[in-house]
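Have a look at the structure below, then the notes.
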Amino acid sequence: MNKNELAKEIASRMSITVTKTLQFLDTMSDVVGETISRDEPVMLQNFGHYMPWDQTERLGRNPRTGKECVISKRRSVKFKPGKGLIDTLNSKR
């Protein structure tokens, strides 16, 4: 599911416009990104936690040439699913 498909699904369930839903999704993305960039986790009850983390510099390999190269350190985000999301996924079986 891509962003537009998600917006259409949310809009139909909430009886609001797709434009408003896209505006909400963009704002949510901005707020989550800004919060994580301040080294603060974002916890959404029953959905999951987004946590910032620092990847260390490491040795990698170019898959085309096989040549080794250094991958520089960078900031990234980890996601840990919440109990509600896990329960939803496992209730479908």
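What to note about this one:
- Hits in the stretch 35-53 - residues which are part of a loop (DSSP other than H, G, I, E, B) and surrounded by 12 or more Cβ atoms within 10 Å (Cβ to Cβ): 40, 41, 46, 47
- Test: residue in the stretch 16-29 that is without any contact (Cβ under 8 Å) to a residue 40 or more places away in the chain, among the hydroxyl-bearing types (Ser, Thr, Tyr), under 25 Å from residue 74 (Cβ atoms) and part of a helix (DSSP H, G or I): yes
- Unmet requirement for residue 48, which otherwise passes all of (1) touching a Ser or Thr at 6+ places or on another chain (Cβ under 7 Å); (2) modelled with pLDDT of 95 or more: (1)
- The stretch 46-66 residues that are touching a residue at least 12 places away in the same chain (Cβ under 8 Å) and more than 30 Å from residue 90 (Cα to Cα), paired with ones that are hydroxyl-bearing (Ser, Thr, Tyr) and not in a loop (DSSP other than H, G, I, E, B) (beta carbon under 6 Å, 6 or more apart): 55/76
- Among the residues of the stretch 54-73, those that are in contact with a strand residue (DSSP E or B) (Cβ under 8 Å, 6 or more places away or on another chain) and part of a loop (DSSP other than H, G, I, E, B) comprise 57, 62, 67, 73.
The values are calculated or read from the model by the stated rules, or taken from the named source; none is laboratory data. Everything quoted here is computed from the prediction, not taken from an experiment. Neighbour counts run over all protein chains shown; Cβ positions are idealised from the backbone, glycine included.
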